[in-house]
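Trainee: Questions regarding the structure given below will be posed in turn.
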Amino acid sequence: MRPWYAAARALVRACLRACFRLRGEGADRVPSGGFLIVSNHASYLDPLAVGSVVPREIHYLARRSLFRGPMAVLLASVNTIPTARDQPEPSALRKILGLLAAGHGVLIFPEGTRSADGKLQRAQPGAGFLAAQARVPILPVRVFGSFEALPRSARFPRCVPIRVVIGSPYLPRPIREGESKKDYYRSLADEMIRRIGELR
């Protein structure tokens with residue numbers, strides 16, 4: 001873990017522990033080598049919470065509109081990749097696949113956007129496409145409490161507990177004979193949400 005990233009992570013972790021009593025479970029399940037973290041998404045706090053609990057340096061995605069002025073420098077310094085709001089652009093996909101192939105971890109939110117009610121939404125098929133192309137272990141993660149702490153409708157956070165549960169890594173299944181790629185990608189995306197939903 002690079003010194004700057006480690007320092008930023010330690011600062012964020014301390015703040016989350018002080019404000020939201022952040023707890024993490026399953027850090028020993030994080031694999032070595034390249035891996036794709038898939039998490040639920042209900043709050044802006046989710047990437048901070050996941051990054052604070054995962055004991056390896058990881059990379060993140062953020063919508064391109066956030067990369068303006070000093071914020072662009074800050075986001076880039078903590079491994080954030082700019083991309084379109086709805087789905088990763090080809091350049092971002094190439095960057096993600098390159099990072100995974102080089103042995104890094106990348107966090108994505110298969111739902112594509114923050115949940116309006118805190119419940120799991122259906123995954124976007126692009127998440128399945130990414131998993132099929134990368135062929136690296138997928139690490140399901142679920143964040144509890146972030147919706148109650150800072151939902152989409154809130155202007156200010158509430159200091160309620162946040163817990164991050166890391167599941168067991170798994171490899172995406174191969175495509176079946178006669179299965180269309182569209183159905184295959186959809187099935188991989190649905191599997192991500194199913195495994196996230198099983199975490200308690």
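The values are calculated or read from the model by the stated rules, or taken from the named source; none is laboratory data. Just so it is clear, the model here is predicted, and its values are computed rather than measured. Here Cβ is always computed from backbone atoms with ideal geometry, including for glycine, and neighbour counts include all displayed protein chains.
Trainee: If we scan the stretch 47-64, do we find a residue that is loosely packed, with under 13 Cβ neighbours inside 10 Å and touching a Ser or Thr at 6+ places or on another chain (Cβ under 9 Å)? Even if it seems obvious, please write down each step before you answer.
Mentor: Narrowing the stretch 47-64 to residues loosely packed, with under 13 Cβ neighbours inside 10 Å: 63.
If we keep only those that are touching a Ser or Thr at 6+ places or on another chain (Cβ under 9 Å) as well, we get 63.
For the stretch 47-64, residues loosely packed, with under 13 Cβ neighbours inside 10 Å and touching a Ser or Thr at 6+ places or on another chain (Cβ under 9 Å): present.
Trainee: Next up: Out of the residues in the stretch 169-184 that are within 22 Å of residue 112 (Cα to Cα) and either of a type in the set (Asp, Glu) or under 18 Å from the mean Cα position of the chain (by Cα) (or both), which is surrounded by the most Cβ atoms within 10 Å (Cβ to Cβ)?
Mentor: 172
Trainee: Tell me whether the stretch 107-117 contains one or more residues that are without any contact (Cβ under 8 Å) to a residue 60 or more places away in the chain and among the hydrophobic types (A, V, I, L, M, F, W, C).
Mentor: Checking the stretch 107-117: at least one residue is without any contact (Cβ under 8 Å) to a residue 60 or more places away in the chain and among the hydrophobic types (A, V, I, L, M, F, W, C).
Trainee: Mind telling me which of the residues 7, 84 ends up being hydrophobic (A, V, I, L, M, F, W, C), more than 22 Å from residue 152 (Cα to Cα) and loosely packed, with under 15 Cβ neighbours inside 10 Å? Break it down stepwise before answering.
Mentor: Working: 84 fails: more than 22 Å from residue 152 (Cα to Cα).
Answer to the selection: 7.
Trainee: Here's another thing I want to ask about it. Before we move on, is residue 106 surrounded by 13 or more Cβ atoms within 10 Å (Cβ to Cβ), among the aliphatic types (A, V, I, L, M) and outside any loop (DSSP other than H, G, I, E, B)? Before you say what the answer is, go through the steps one by one.
Mentor: Numbers: surrounded by 13 or more Cβ atoms within 10 Å (Cβ to Cβ): yes; among the aliphatic types (A, V, I, L, M): yes; outside any loop (DSSP other than H, G, I, E, B): yes.
So residue 106 fits the description; yes.
Trainee: Residues 171, 97, 107: which one is touching a Phe, Trp or Tyr at 6+ places or on another chain (Cβ under 6 Å) and closer than 20 Å to residue 59 by Cα?
Mentor: On the way: 171 fails: touching a Phe, Trp or Tyr at 6+ places or on another chain (Cβ under 6 Å); 97 fails: touching a Phe, Trp or Tyr at 6+ places or on another chain (Cβ under 6 Å).
The unique qualifying residue is 107.
Trainee: More than 25 Å from residue 49 (Cβ to Cβ) and β-branched (Val, Ile, Thr): does that describe residue 162? So that I can check it myself, show each step before the final result.
Mentor: On the way: more than 25 Å from residue 49 (Cβ to Cβ): no; β-branched (Val, Ile, Thr): yes.
Judged against the criteria, residue 162 is not a match.
Trainee: Further question on the same structure: Count, please, the residues in the stretch 83-106 that happen to be within 19 Å of residue 50 (Cβ to Cβ), at pLDDT below 90 and of a type outside the set (Gly, Ala, Ser).
Mentor: 2
Trainee: When you go through (1) at negative phi; (2) assigned to a loop (DSSP other than H, G, I, E, B); (3) in contact (Cβ under 8 Å) with a residue 60 or more places away in the chain one by one for residue 200, which number turns out not to apply?
Mentor: Unmet condition: (3).
Trainee: Please pick out the residue among 34, 24 that is in contact (Cβ under 8 Å) with a residue 12 or more places away in the chain, within 17 Å of residue 164 (Cα to Cα), crowded, with 18+ Cβ neighbours inside 10 Å and not charged (D, E, K, R).
Mentor: Numbers: 34 fails: within 17 Å of residue 164 (Cα to Cα).
One residue alone meets the criteria, 24.
Trainee: Of all residues in the stretch 158-200, which are of a type in the set (A, V, I, L, M) and over 22 Å from residue 22 (Cα atoms)? Steps first, answer last, please.
Mentor: Of the stretch 158-200, the ones of a type in the set (A, V, I, L, M) are 160, 162, 164-166, 171, 175, 188-189, 192-193, 196, 199.
171, 175, 188, 189, 192, 193, listed by residue number.
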